[in-house]
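Report on the following structure.
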Amino acid sequence: MEPLNMTFAGFRHNHILSLYKIAMTAPGIKVVGACEEDKATRENLEQSHGINFTHESITDLIHSECDIVAIGDYFERRGTIAITALECGRHIISDKPLCTKLSQLYQIADLAHERGLKIGCMLTMRDSAYCIMARQLINNEHRIGKIQAIQFGGQHPLNIDSRPAWYFEKNKHGGTITDIAVHMIDAIPWITGLEFKELQSARTWNAFVKKYPHFCDAAQLMVSLNNGCGVIGDVSYFAPNKAGYTMPYYWRTIFWGEYGLLEISANIKSANLLLHTDNKIQKIELPPSNPGGYLQSFLNDIADKPSATNLNTENILKTMQVTLRIQEAANNKKFNLGL
């Protein structure tokens, strides 16, 4: 079978570099083009990562001979790129978020369905050891029974001096809930087997980044699932800069069920299980992670094969819809909305 030709449209966030690296050696893919329109970003990546940029404009890149367009431009431009690529008959795979406006998402969904095209997204939590274990214990083995409360902390370090400058430019970021919470909005239904039903409240505000008063570095949300389970999350840019990605609180999540609780974290080497019958915590060894699983899921979706993580076009669109509705509610101070 001939490999699928993939091109890369934009490299404004470093996440896309991991997809580029995987795609360069992935069976079934041939990287045939790349474009970064920002001169400083392009020159830096040519020197630091040896990327061969083949096109001056993303529009020309999309119209070149390819099957897949991978999208890594700044957040608010991604929806436009996705729509253009789908209109040209290309499958798309994007860093998260896929887009920043509900109107764009609906157009993306319509184009994909009308033309039989597939959508991938770098929703990497399904590939992480701690989420794989949580799904096993909660959804497969039902070790803590019916879930009634979930708290997650997705606080990130801002690292303002090294973060891309476009983050702080108006009309380029799209919101901190859209930026960060999207990961857990995708992971929670996968882990629990439940769906998001209602938004009780969501708030974003400018807390510490006074230099850019329009940038809301703080974000919190309260939602409920279709069994009544309450979910409270904080995805603010409040984590200490130097240790933020390695601290034990990074993506720390606690699931509270009828039989006990389960705690996971990106940086804890075990899943911590405490049942009503326990007098001490059970530390459960994590399974191997599945790096790059989101890409294999995307290729399986194109081939109409099920993936191990069940990541596909339909649940990517659903995750983005829930995320953007919550972000929009926070922006407009709306409460108690259906999701």
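Tabulated results
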quantity: In degrees, nearest ten, helix 293-302 long axis to first principal axis of the chain (Cα); calculated: 60 degrees
quantity: Cα-based convex hull, the chain, per residue volume (Å³, whole number); calculated: 137 Å³
quantity: With every protein chain in place, segment 16-102: carbon and sulfur % of accessible area (1.4 Å); calculated: 46 percent
quantity: Relative contact order of the chain, defined on C-alpha pairs under 8 angstrom at six or more residues apart (%); calculated: 18 percent
quantity: Neighbour cut-off at most 11 other Cβ (10 Å), DSSP loop, GluC sites (Glu not before Pro), segment 280-339; calculated: none
quantity: Per-bin percent of Cα-Cα distances, segment 48-96 [10 Å]; calculated: 25, 56, 18, 1
quantity: Surface per residue (accessible, 1.4 Å probe) for segment 155-226, Å²; calculated: 40 Å²
quantity: Two-site label geometry, Ile232 and His49: point separation in nm, points 7 Å out along Cα→Cβ; calculated: 3.9 nm
quantity: Total charge dipole magnitude, the chain, about the Cα centre, Cβ charges on Lys, Arg, Asp, Glu only, Debye to nearest 20; calculated: 960 debye
quantity: Violating pairs (Cα-Cα greater than 24 angstrom) within the set Lys30/Lys318; Lys118/Lys318; Lys170/Lys333; Lys39/Lys170; Lys197/Lys334; Lys146/Lys197; calculated: Lys30/Lys318
quantity: Under 5 Å, built H, 5+ apart or other chain: amide partners of Ala149; calculated: Gly230, Trp256
quantity: Accessible solvent surface per residue of segment 13-143, calculated while the other protein chains remain in place, 1.4 angstrom probe, Å²; calculated: 42 Å²
quantity: Scaled radius of gyration (Cα, divided by 2.2 N^0.38 Å) that segment 27-170 gives; calculated: 1.29
quantity: Kirkwood estimate for segment 216-339, i.e. one over the average of 1/r between Cα atoms, Å; calculated: 17.7 Å
quantity: Share of carbon and sulfur in the accessible heavy-atom surface of segment 131-185 [1.4 Å probe, %]; calculated: 45 percent
quantity: Segment 275-336 - Rg (one decimal) and Dmax (whole number), Cα, Å; calculated: 18.5, 49
quantity: Rounded to 5, percent antiparallel among DSSP beta bridges of the chain; calculated: 60 percent
quantity: Estimated D of segment 89-193 in µm² per second, where Rh is the Kirkwood radius over Cα pairs and Stokes-Einstein applies at 25 °C, 0.890 mPa s; calculated: 150 µm²/s
quantity: Segment 157-259: proportion of alpha-carbon pairs further apart than 15 angstrom, %; calculated: 67 percent
quantity: Percent RCO, i.e. relative contact order, over segment 34-172, from Cα pairs under 8 Å lying at least 6 residues apart; calculated: 17 percent
quantity: Backbone HN-Hα couplings from phi across segment 86-96 [Karplus 6.51/-1.76/1.60, Hz, Gly and Pro as x]; calculated: 5, 4, 8, x, 9, 5, 10, 9, 10, 4, 7
quantity: Cα gyration tensor, segment 25-74 - rounded (a/c under 1.5), prolate or oblate; calculated: oblate
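The values are calculated or read from the model by the stated rules, or taken from the named source; none is laboratory data. Remember, it's a predicted structure, so these values are computed and weren't measured experimentally. Virtual Cβ from ideal backbone geometry, glycine too; neighbours counted across all protein chains shown. Keep in mind that these areas ignore ligands, DNA and RNA; they rest on the heavy atoms of the full protein, side chains included. Shrake-Rupley method; radii C 1.70, N 1.55, O 1.52, S 1.80 Å.
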